[in-house]
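To start, the structure under review is shown below, and the notes come after it.
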Amino acid sequence: MNVYFHTFGCKANQYDTERVREAFDANGAVVVDDPALADLAIINSCTVTNESEVKLRRLVRHVANSSHAQTIVMGCAAALDNGVIAALPSVRAVVANAEPGTVLRAAGIDDVGAQHAAPPLGTKSRALLKIQDGCDEHCTFCATTLARGNNRSRSVAELVDEARALAEHHAEIVLTGVHIGTWGLGARDSGVVTPGPSPEPRAPSLAGLLEALIAAVPQVRFRLSSIEATEVDDRLARLLIEAPRNLAAHLHAPLQSGANRVLKRMGRHWYTAESYRARIEWLAERLPVFGLGADVIAGFPSETDADHQASLTLLRALPFTYLHVFPFSVRRDAPAARLPGQVPPDVIRQRARELREVGEAKAAAHRLRRRGQTADGVVTGRLKGQVEVMTEDYLSVYLVTDLWDGRPRFEVTVN
Ligand code: SF4
């Protein structure tokens, strides 16, 4: 069976797809890159924005029109499907989330590989390690927490085993999940808990997990995918400051808004603009090289011009090196869809433009500051005679392949 895979959304989704791909591989399937050659298409869906669902439906129709393949849609949008996805042409099954065995069965395959514990190796020098799933918060714009359920953490023992296997092939491991700052809190992943002595006497925490991972695979550089600024506790901060070879000096810390009134309406109760600012400034003073990104929503319901200006002011004041800007889009399952004060689309577009301009200016200024400086580089890709190298502060540097000696990690000069 020829199988085509496509993933929408976050690194947690990419990790889940890799696990499903490995399971199909273990059952003799052949992975193809062109849906026209496929007997089966497996699409991992995202529900973060309306746009991600529009793209999903467009791809499903494209597969139906350009091949004889049947399609299985899995992931977050699948978990919240009200029949719209199931009714699309050539859809064989809609599978909530992405458990490999469930997807195999939906494809009519009696799983011969049983426990797909093998870590998804992926293809590049950077690997993904999903440490937890779900979230116990209820941000009013978010459907992910509805799709993925409550916070569940994978055990230290299992994660250390998987990191060891990944370290044989990868120079960098990205810790991912849905709300990684809450690893260790809430339920343990019932399926795979391997009881055993917890490495640290204190309550499990992301910092504790990282210390265990770094002790197990000291040659690897870990990177945090996305973490709340105020969930970077002092222990984790110390790792960022004192162990740059083991933990990349890079944070992607969702801000969403610089106005406390809006943060409140978003349900983001665990920080304020002031506490976010204080944590970032404290870290920036201690990190000579620091990659800092944030998610920001433009035009959240009831956002005033003054709220928007507060976001712009905070973004300009902090040492961001890039921004991800999301124009607010109504998610039918998310409470924000029913909030009064929906902002007109043209105003949302204008505000998003202004936020992006700040992000682009920050990114250009950071690259200019770093130009000619040396960085800790990990090869992340090879394309048309060039090697792409990722620095600790999340900059991509391109080298002519002839100048590369084949090492997956080396000191590089930022160009
Ligand atoms: S923290 Fe908020 S935005 Fe993030 S997954 Fe949880 S509910 Fe969604």
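Which number in (1) surrounded by 22 or more Cβ atoms within 10 Å (Cβ to Cβ); (2) out of contact with any helix residue (DSSP H, G or I) (no Cβ under 8 Å at 6 or more places or on another chain); (3) among the charged types (D, E, K, R) marks the one condition that Arg58 misses?
So the condition that Arg58 fails would be (1).
Just name the residue that is farthest from Cys76 (Cα to Cα) out of those in the range 149-190 that are in contact (Cβ under 8 Å) with a residue 60 or more places away in the chain and within 14 Å of the ligand (Cβ to nearest atom). Show your work before the answer.
So the first thing to find is which residues in the range 149-190 are in contact (Cβ under 8 Å) with a residue 60 or more places away in the chain, and the list is 170-172, 174, 176-178.
Pick out the ones that are also within 14 Å of the ligand (Cβ to nearest atom) and you get 176-178.
Numbers: Thr176: 16, Gly177: 13, Val178: 11 Å.
Per the criteria, the residue is Thr176.
Residues are listed down the side, and each one gets a yes or a no for (1) more than 20 Å from Ile131 (Cβ to Cβ); (2) free of Cβ contacts under 8 Å to residues at least 60 places away in the same chain; (3) away from the ligand (no atom under 16 Å from the Cβ); (4) not assigned by TED's automatic domain parsing to the domain that holds Ala337:
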position	(1), (2), (3), (4)
Ala229	no, yes, no, no
Asp233	no, yes, yes, no
Arg238	no, yes, yes, no
Ala243	no, yes, yes, no
Gly258	yes, yes, yes, no
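Looking only at the range 95-117, filter to residues that are open to solvent by less than 60 Å² (accessible area, probe 1.4 Å) and more than 16 Å from Gly75 (Cβ to Cβ); which one of those is modelled with the lowest pLDDT?
Within the range 95-117, the match that is modelled with the lowest pLDDT is His116.
Of the residues that sit in the range 134-148 and are open to solvent by less than 30 Å² (accessible area, probe 1.4 Å) and more than 6 Å from the ligand (Cβ to nearest atom), which one is modelled with the lowest pLDDT?
Ala143
Looking at the range 306-316, can you tell me whether even one residue there is surrounded by fewer than 22 Cβ atoms within 10 Å (Cβ to Cβ) and over 26 Å from Asp346 (Cβ atoms)?
no
Take the residues in the range 361-399 that are free of Cβ contacts under 8 Å to residues at least 24 places away in the same chain and of a type in the set (D, E, K, R); name whichever of them is least open to solvent (accessible area, probe 1.4 Å).
Taking the range 361-399 first, the residues free of Cβ contacts under 8 Å to residues at least 24 places away in the same chain are 361, 364-365, 368-369, 382-389, 396-399.
Within this subset, residues satisfying the condition of being of a type in the set (D, E, K, R) are 369, 382, 384, 388.
Numbers: Arg369: 142, Arg382: 160, Lys384: 189, Glu388: 50 Å².
Here the residue is Glu388.
For Arg407, work out the one condition from (1) outside any helix (DSSP H, G or I); (2) surrounded by fewer than 16 Cβ atoms within 10 Å (Cβ to Cβ); (3) in the same structural domain as Glu303 (by TED's automatic domain parsing); (4) charged (D, E, K, R) it doesn't fulfil.
(3)
Residues that are part of a helix (DSSP H, G or I), touching a Lys or Arg at 6+ places or on another chain (Cβ under 9 Å) and under 28 Å from Ala337 (Cα atoms): does the range 30-48 have at least one? Don't jump to the end; show me each part of the working.
Step one: list which residues in the range 30-48 are part of a helix (DSSP H, G or I), which gives 35-37.
Filter again for touching a Lys or Arg at 6+ places or on another chain (Cβ under 9 Å), leaving none.
The answer is no; no qualifying residue exists.
Residues in the range 34-52: is at least one touching a helix residue (DSSP H, G or I) at 6+ places or on another chain (Cβ under 8 Å) and among the acidic types (Asp, Glu)? Talk me through it step by step, then tell me what you get.
As a first pass, look at the range 34-52 and keep what is touching a helix residue (DSSP H, G or I) at 6+ places or on another chain (Cβ under 8 Å): 35-36, 38, 41-48, 52.
Checking which are among the acidic types (Asp, Glu) leaves us with none.
Scanning the range 34-52 turns up no residue that is touching a helix residue (DSSP H, G or I) at 6+ places or on another chain (Cβ under 8 Å) and among the acidic types (Asp, Glu).
If you take the residues in the range 8-46 that are in contact with a Cys (Cβ under 8 Å, 6 or more places away or on another chain) and under 18 Å from Ser225 (Cβ atoms), which one is most open to solvent (accessible area, probe 1.4 Å)? Don't jump to the end; show me each part of the working.
Looking only at the range 8-46, we keep the residues that are in contact with a Cys (Cβ under 8 Å, 6 or more places away or on another chain), and these are 8-10, 13, 45-46.
Next cut, under 18 Å from Ser225 (Cβ atoms) only: 8-10, 13, 46.
On the way: Phe8: 28, Gly9: 46, Cys10: 63, Asn13: 4, Cys46: 16 Å².
Among them, the one singled out is Cys10.
Just give me the residues in the range 320-329 being open to solvent by 50 Å² or more (accessible area, probe 1.4 Å) and more than 11 Å from Gly293 (Cβ to Cβ), in sequence order. Quick ask: steps written out before the conclusion?
Our first condition is that a residue be open to solvent by 50 Å² or more (accessible area, probe 1.4 Å); within the range 320-329, this holds for 324, 326-327.
The answer is Phe326, Pro327.
Among the residues of the range 271-304, how many are part of a loop (DSSP other than H, G, I, E, B), without any contact (Cβ under 8 Å) to a residue 60 or more places away in the chain and farther than 17 Å from Lys362 by Cβ? Let's see the steps before the verdict.
To start, the set of residues in the range 271-304 that are part of a loop (DSSP other than H, G, I, E, B) comprises 271-272, 287-290, 299-304.
If we keep only those that are without any contact (Cβ under 8 Å) to a residue 60 or more places away in the chain too, we end up with 271-272, 287-288, 299, 301-304.
Right, trim to farther than 17 Å from Lys362 by Cβ and you get 271-272, 288, 299, 301-304.
Selection size over the range 271-304: 8.
The values are calculated or read from the model by the stated rules, or taken from the named source; none is laboratory data. Values in this document were obtained by computation on a predicted structure and should not be read as measured data. Cβ atoms come from the backbone with ideal geometry, glycine included; neighbour counts cover every protein chain shown. Ligands, DNA and RNA are stripped out before the accessible areas are found, and what is left, the full protein with its side chains, is counted by its heavy atoms. Shrake-Rupley method; radii C 1.70, N 1.55, O 1.52, S 1.80 Å.
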